[in-house]
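The values are calculated or read from the model by the stated rules, or taken from the named source; none is laboratory data. Please read all numbers here as calculations on a predicted model, not as lab measurements. Note: ideal-geometry Cβ built from the backbone for every residue, glycine included; neighbour counts use all protein chains shown.
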Amino acid sequence: MNKAITDGITFTPPPFSGGLDVWSSGDGIPGSDTYDNAANAAFVPSDPDFGGSLEILKTASTTKVRYTGQTSIIPGCYLQVRARVKVISGALPNVRIAGYAARSNGSNISGVVQVGPTTTLTTFGDVVEVTAIVGTGVRNGVDMSWGPDAVYGHFGLDLTGPNGGVVRIDDIAIEDITGAFLSDMVGLVDVRDFGALGDGSTDDHAAFEAADAAADGRDILIPEGVFFLGDSVTMDSRCRFLGTVTMSDSHYLTLQQNFNLPDYIDAFGSGELAFRKAFQSMLKGPDHVELDMAGLKIDLREPIDLHAAVPDVDSFSNRRVISNGQLSVVPGPNWDTETFTSQATYNPNDPRTLTNVQNVANIPVGSLVEGNGVGREVYVRSKNVGQETIELSLPLHDASGTQNYTFRRFKYMLDFTGFNRISRFSIDNIEFLCRGDCNALILPPTGIGFHLRDCWVNAPRERGITSHGTGCQGMMIDRCQFVSNESALLVAQRTTIGCNLNANDVKIRNNRCRFIRHFAVIGGTSSIISGNHFFQGDSGPVGPRTAILVMANTNSRATIEGNYICDGSIEWTNERDPAPEFNSEFSFSAMSITGNTFLSQSTSPSFNFILVKPFGTDHFINGLMVTGNTFRLIDGNIDRVEGIDTTFAELNFERFKNIHFTANAYNGVNTLVESPLVWRHDENSPQSTWVVTPSPHLPFNAWVRTVESVMPEGEIQDNSGNPYWGMPYAQPRQGPNNDRVNVRWEKPVQGTVVVRMRIDNPIP
């Protein structure tokens, strides 16, 4: 056994070259003096024997050197502390390895040996090595036996004897030498030898703890039988389960040395129960950050209520990971969607609350809310039965008054809704095998930094990932696959949504998604959507397409770059605005769509890859970059790549600002658009007013609001065919639709000009 190899534990302190502020002249405990800037100590960078070394002038009867860091003392693990020293000048002292034995609270363990054998230095310049072995057990060869209360130590050496000597000390090394005692450790400790009965009813937890205390590095054997544990148990030694254990939901079993799902299955028998108990232990203890499923498949017959597994933990913010396995649904009624219809009242002045909710007690938290004026992916975040209210995850756009709402509670393999807050949680390399019977994951109501990476969400019934609150703040979805259960359906018939994200700062990167109605409905701001491949088409004839990305916040601040978007669109809406008409807020603003590949086939000509859908009047675009993208159609053309859905309202073209729709490539698109637009106009007969008509090549069929330049191309001629050198001026916003430019001359002339115009006012 070697903990440095098996567990990656670093025992050796940092070298002296790293600084003397971590080396104490006392016991090494917090608050003790260090050798940093000490008068009797200095770092020597180039000693011929040691390289870098610590030089000390001995001035006290016992001159101590201790590392202020905590070196772990592990039961059954034995450490050898080594130091090389030499005397440079002055009196010749004695030297020994020494340490400070600490309990978990930092107090010293009295009555144990805390110094090693003493060596007398006899010759100047001779390199002498001193060693000592420390551990919890009393064994031949162990110089410092600290017992089971020892948790950590502060290690170094002592200089004793006469003062006045100058001593140089090489970097101190601490090594795991447990292997030297291996012959004493071979074998097993049987819990039956400490009183365990394994009859399923007698409380055996004290026997388990006693066996663990006596194991001294040996494995603990749990033989055949059912061992009831009446309290929580932490086993520091490796356990081998031939029998199983049983315990209440509130008690937990922690397997320190073999914390992985296969060993928990050995302990509890059932895969579902083992997963719950392992998750419980991971959150209850500080020692394990990752639950490794070891490539196993767990068959789930019902949703895993993760809070129910840890009912006394409501909030958790330390990093934890579930990794490397498969969760597979076993079909049955436990996965059926629950549907409720209740009357409720909505007031836009309290935009996230439903009041006077009938039968509110029956409506589960995490339910999807449907009704008139309810945008996509609005959920029940919480409820108050006494006050008959429901807290909504997001506001409604047009639901003022009283109406009947439908609440649908989908069932998820992993359900975090019972927690108040979970942050810094990762799910890594897990396949959610939903088989069209259930959904994958519903997030906690609040939290930061949830991370889904290298996962498969396979055939969800309704949703892949659901956020019913702000547990998606800063969420990352990386390198995952979302595979639909609806691939055989036409696009218009699909209902599954990959994920909804309500909070800010989400990152969606390098994923692959196919045949889902919407991959993501994103309600927060500052999202980064990069490197993904989305394809949503079908095998039917020419037909409609749906939005792959629904950006449901006007002030988006989103970056959408480097994606492959096939047979779907980016839809930009304000459907979660309780007052959807523009007032004083930011309107549709701050979105960058850059370097993406857009492809579609067998698509209706009216389809748009980029669609803005205002739910209220007087909105406009203020900050949109659509640059460097490729738009291509197969099996037919579309009219244009961008559009406005005017079902509820138009956009106000008069207020467009800071729009760059440039440097894109178009194939199979009837109308190419650009802003700023460079337009060549020929006037074949002398006219004093040239009417330049760039429409419909302006994005969104918007107005010409700004003319940046008018440049003659070739010679301008007057009525007589003579060159004309006068300067024209431009008049934008001409014609009945304000989409023309008048170029005005001093007199009738003819020729060609190049006009650079734009649909916005670039100056705020």
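Residues A278, A267: which one is more than 22 Å from the chain's Cα centre (by Cα) and part of a helix (DSSP H, G or I)?
Criteria check complete, one pass: A267.
Would you check if there is a residue in the stretch 340-349 being under 29 Å from the mean Cα position of the chain (by Cα), surrounded by 18 or more Cβ atoms within 10 Å (Cβ to Cβ) and at pLDDT 95 or above?
no
(1) under 23 Å from V81 (Cα atoms); (2) at pLDDT 90 or above; (3) among the acidic types (D, E); (4) under 42 Å from the mean Cα position of the chain (by Cα): which one isn't true of D143, the others all being true?
Exception for D143: condition (4).
Just the residues that are in a loop (DSSP other than H, G, I, E, B), buried (at least 17 other Cβ atoms within 10 Å of the Cβ) and of a type in the set (A, V, I, L, M), please, taken from the stretch 192-216.
Result: A196, single match.
For the stretch 475-485, which residues satisfy the criterion of being part of a loop (DSSP other than H, G, I, E, B) and either crowded, with 19+ Cβ neighbours inside 10 Å or assigned by TED's automatic domain parsing to the domain that holds R509 (or both)?
Passing the criteria: M475, C480, S484, N485.
Out of all the residues in the stretch 720-750, which are among the polar types (S, T, N, Q), at pLDDT 95 or above and more than 12 Å from V692 (Cβ to Cβ)?
Of everything in the stretch 720-750, those that are among the polar types (S, T, N, Q), at pLDDT 95 or above and more than 12 Å from V692 (Cβ to Cβ) turn out to be N722, N737, N738, Q750.
If you scan the stretch 635-667, which residues turn out to be farther than 30 Å from D538 by Cα and touching a Leu at 6+ places or on another chain (Cβ under 8 Å)?
Across the stretch 635-667, the qualifying residues are N658, I659, H660.
Here are V189, V113, V130: which of them is more than 30 Å from A211 (Cβ to Cβ) and either modelled with pLDDT of 95 or more or not in a loop (DSSP other than H, G, I, E, B) (or both)?
V130
In this structure, does I508 turn out to be buried (at least 24 other Cβ atoms within 10 Å of the Cβ), outside the structural domain of S604 (by TED's automatic domain parsing) and assigned to a strand (DSSP E or B)?
Taking the combined requirement at face value, the residue does not satisfy it.
In the stretch 336-358, which residues are hydrophobic (A, V, I, L, M, F, W, C), over 13 Å from S400 (Cβ atoms) and out of contact with any helix residue (DSSP H, G or I) (no Cβ under 8 Å at 6 or more places or on another chain)?
Matches in the stretch 336-358: V357 only.
Just give me the residues in the stretch 29-74 being part of a strand (DSSP E or B) and polar (S, T, N, Q), in sequence order.
T34, S46, S53, T63, T71, S72
With V369, V374 as the choices, which residue is in a loop (DSSP other than H, G, I, E, B) and either free of Cβ contacts under 8 Å to residues at least 40 places away in the same chain or over 13 Å from R408 (Cβ atoms) (or both)?
V374
Suppose the filter is modelled with pLDDT of 95 or more, at negative phi and in the same structural domain as I97 (by TED's automatic domain parsing); does Y78 pass it?
Criteria not met by Y78.
Here's the yes/no breakdown for (1) of a type outside the set (A, V, I, L, M, F, W, C); (2) without any contact (Cβ under 8 Å) to a residue 40 or more places away in the chain; (3) not assigned by TED's automatic domain parsing to the domain that holds H619:
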position	(1), (2), (3)
I528	no, yes, no
G531	yes, yes, no
P541	yes, no, no
S556	yes, yes, no
N563	yes, yes, no
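Considering the stretch 11-28 alone, what residues qualify as being of a type outside the set (G, A, S) and assigned to a loop (DSSP other than H, G, I, E, B)?
If the condition is that a residue be of a type outside the set (G, A, S) and assigned to a loop (DSSP other than H, G, I, E, B), then F11, T12, P13, P14, P15, D27 are the ones that fit.
Criterion first (modelled with pLDDT under 95, farther than 24 Å from I644 by Cα and either outside the structural domain of N629 (by TED's automatic domain parsing) or over 42 Å from the mean Cα position of the chain (by Cα) (or both)) does S685 satisfy it?
Answer is no for this residue.
Can you name the residue in the stretch 217-231 that is in contact with a Gly (Cβ under 9 Å, 6 or more places away or on another chain) and surrounded by 21 or more Cβ atoms within 10 Å (Cβ to Cβ) and is also farthest from V245 (Cα to Cα) among such residues?
Filtering the stretch 217-231 for residues that are in contact with a Gly (Cβ under 9 Å, 6 or more places away or on another chain) and surrounded by 21 or more Cβ atoms within 10 Å (Cβ to Cβ), the one farthest from V245 (Cα to Cα) comes out as G217.
Would the stretch 560-570 turn up any residue that is surrounded by fewer than 22 Cβ atoms within 10 Å (Cβ to Cβ), in contact with a Ser or Thr (Cβ under 9 Å, 6 or more places away or on another chain), within 24 Å of G373 (Cβ to Cβ) and of a type in the set (S, T, Y)?
Looking for residues that are surrounded by fewer than 22 Cβ atoms within 10 Å (Cβ to Cβ), in contact with a Ser or Thr (Cβ under 9 Å, 6 or more places away or on another chain), within 24 Å of G373 (Cβ to Cβ) and of a type in the set (S, T, Y), one finds none in the stretch 560-570, hence no.
When the residues of the stretch 73-94 are narrowed to those that are in contact with a Phe, Trp or Tyr (Cβ under 8 Å, 6 or more places away or on another chain) and of a type in the set (V, I, T), which ends up farthest from S145 (Cα to Cα)?
Among residues in the stretch 73-94 that are in contact with a Phe, Trp or Tyr (Cβ under 8 Å, 6 or more places away or on another chain) and of a type in the set (V, I, T), the one farthest from S145 (Cα to Cα) is I88.
Restricting attention to the stretch 488-501, does a residue exist that is at pLDDT 95 or above, out of contact with any Ser or Thr (no Cβ under 7 Å at 6 or more places or on another chain), surrounded by 24 or more Cβ atoms within 10 Å (Cβ to Cβ) and part of a loop (DSSP other than H, G, I, E, B)?
No, the stretch 488-501 contains no residue that is at pLDDT 95 or above, out of contact with any Ser or Thr (no Cβ under 7 Å at 6 or more places or on another chain), surrounded by 24 or more Cβ atoms within 10 Å (Cβ to Cβ) and part of a loop (DSSP other than H, G, I, E, B).
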